[in-house]
Amino acid sequence: MQAGKTDWLLAHGRRLDLSRGRLMAIVNVTPDSFSDGGQHFGAESAVAHGLRCLEEGADILDIGGESTRPGAAEVSPAEEQDRILPVIERLTRESDALISVDTYRAETARLAIAAGAHIVNDVHGLQREPDIAKVAAETGAGLCIMHTGRGREKLPDMIEDQFVFLNRSLEIAEAAGIARGAIVLDPGFGFAKETEAENVELMARFDELRAFGLPLLVGTSRKRFLGTITGRSTPERDPATAATTVLLRMKGAAVFRVHNVAINRDMLAVTDAILDAERQVKAGER
C-alpha cells in the first residue's frame with residue numbers, strides 16, 4: 001500500500017504506520033537456517049544481533065526458533081520455545097522494539113506474546129495449527145499470514161492459487177475474530193515456488209495481490225532464485241535483494257523481511273522519496 005495512513009494493529013497497544021516502507025529484520029535463533037544458521041544461535045548472540053539491526057534502521061525484529069528451509073528438521077515445541085523466549089524477553093527489556101515471532105504453533109505464539117512479542121508470523125497461513133488464530137485474536141497481536149505451496153497441489157495459475165489459499169486463511173482469521181487491521185499478507189517467495197521463473201513471475205504480477213485490500217509483506221532476502229539469476233552465493237545476494245525491495249515497494253509492498261537492514265533501509269528511503277514525488281505530481285502540488 002503506497003498512500004494514506006495504514007496502521008498495523010499490534011499486541012500490547014502498539015501499532016505501526018505502513019504508509020511508508022518498513023523493515024522486518026531476521027533474527028534466526030537456529031543452527032540450520034539457510035542463510036545465517038548458527039550465526040545467532042544462542043540468546044546472547046541473537047540479542048546482540050537484534051540490537052544491531054535496530055541501530056541500522058529495522059522497524060521490527062522477527063525471532064524464529066525453527067528453520068523453514070526445505071528439508072529442515074522440525075524441532076519440538078519445547079525446544080523452539082527454549083530458543084526464542086529468552087531472546088524476546090531480553091529484547092523487550094533492553095529496547096522498545098516491535099517484535100515478531102516466526103512460528104506456526106499456537107502455544108509458542110501465546111508464550112511469545114506474553115514475553116513481549118507484538119506480531120505472529122505464520123508461514124503456514126493459519127492452516128497447520130488454526131488455534132494460532134485464536135491466540136492472535138485474544139491477545140490483539142498483529143498477524144502475518146503467509147502463502148505456501150508446500151505439502152499440497154498448487155493451481156496452475158500462481159495468482160489464482162494465492163487467492164484460493166489466502167482467502168481460506170482469511171476465513172480462519174475472521175472466524176477467530178481477528179481485526180482486519182491486524183492482518184498483513186505474505187505471498188511466500190521461495191515457499192514451493194521451485195523455479196527462478198515462478199518467483200520472477202510472482203514479482204512481475206505482484207500488484208495483482210493488492211486486490212486483497214490488505215498490506216503486503218515480502219521475504220525475498222537472499223533466496224535461492226536470486227542466486228540463480230545473479231550467480232552469487234547466499235551471503236553475496238544482498239544487492240539483488242535490495243533490487244527486489246525497490247521493485248516490490250513500487251508495486252505496493254509495505255513490509256520487507258531482510259537479513260541486511262542497512263542496504264534495504266537506503267533502498268526504501270530512495271523509493272519512498274520517489275513515490276512521494278509521484279503523489280505530489282499527481283495531486284498538482286509540483
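The values are calculated or read from the model by the stated rules, or taken from the named source; none is laboratory data. If you're wondering where the values come from, they're calculated on a predicted model, not measured in any experiment. Glycine gets a Cβ as well: all are built from the backbone with ideal geometry, and neighbour counts include every protein chain shown. Keep in mind that these areas ignore ligands, DNA and RNA; they rest on the heavy atoms of the full protein, side chains included. Shrake-Rupley method; radii C 1.70, N 1.55, O 1.52, S 1.80 Å.
Values as computed for the structure displayed
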| quantity | calculated |
| --- | --- |
| Residue within region 172-188 that is more than 22 Å from Arg257 (Cα to Cα) and β-branched (Val, Ile, Thr) present | yes |
| Answer from Ala106, Ala112 - the residue that is at pLDDT 95 or above, under 24 Å from Arg150 (Cβ atoms), surrounded by fewer than 23 Cβ atoms within 10 Å (Cβ to Cβ) and small (Gly, Ala, Ser) | Ala106 |
| Those residues of region 189-209 which are among the aliphatic types (A, V, I, L, M) and on the phi < 0 side of the Ramachandran plot, in sequence order | Ala197, Val200, Leu202, Met203, Ala204, Leu209 |
| Residues that are open to solvent by less than 50 Å² (accessible area, probe 1.4 Å) and either of a type in the set (Val, Ile, Thr) or assigned to a loop (DSSP other than H, G, I, E, B) (or both), drawn from region 126-138 | Leu126, Ile132, Val135 |
| Test: residue in region 223-241 that is closer than 20 Å to Thr68 by Cβ and touching a strand residue (DSSP E or B) at 6+ places or on another chain (Cβ under 7 Å) | yes |
| Selection within region 256-271 - under 16 Å from Lys223 (Cβ atoms) and surrounded by fewer than 17 Cβ atoms within 10 Å (Cβ to Cβ) | Ile263 |
| Test for Ile263: is it closer than 17 Å to Asn121 by Cβ, among the β-branched types (Val, Ile, Thr) and in a helix (DSSP H, G or I) | no |
| Any hit, region 191-199, residues being open to solvent by less than 10 Å² (accessible area, probe 1.4 Å) and not in a loop (DSSP other than H, G, I, E, B) | yes |
| Only listed residue being open to solvent by less than 50 Å² (accessible area, probe 1.4 Å), closer than 21 Å to Asp62 by Cβ and in a loop (DSSP other than H, G, I, E, B), chosen from Ala253, Ala240 | Ala253 |
| Matching residues in region 147-161 - criterion: being in contact (Cβ under 8 Å) with a residue 40 or more places away in the chain and in a helix (DSSP H, G or I) | Met158, Ile159 |
| Qualifying positions in region 20-38 - open to solvent by 20 Å² or more (accessible area, probe 1.4 Å) and at pLDDT 95 or above | Arg20, Arg22 |
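Residue-by-condition table, conditions (1) at positive phi; (2) assigned to a helix (DSSP H, G or I); (3) surrounded by 14 or more Cβ atoms within 10 Å (Cβ to Cβ):
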{"residue": "Phe163", "(1), (2), (3)": "no, yes, yes"}
{"residue": "Ile178", "(1), (2), (3)": "no, no, yes"}
{"residue": "Ala211", "(1), (2), (3)": "no, yes, no"}
{"residue": "Thr220", "(1), (2), (3)": "no, no, yes"}
{"residue": "Gly227", "(1), (2), (3)": "no, yes, yes"}
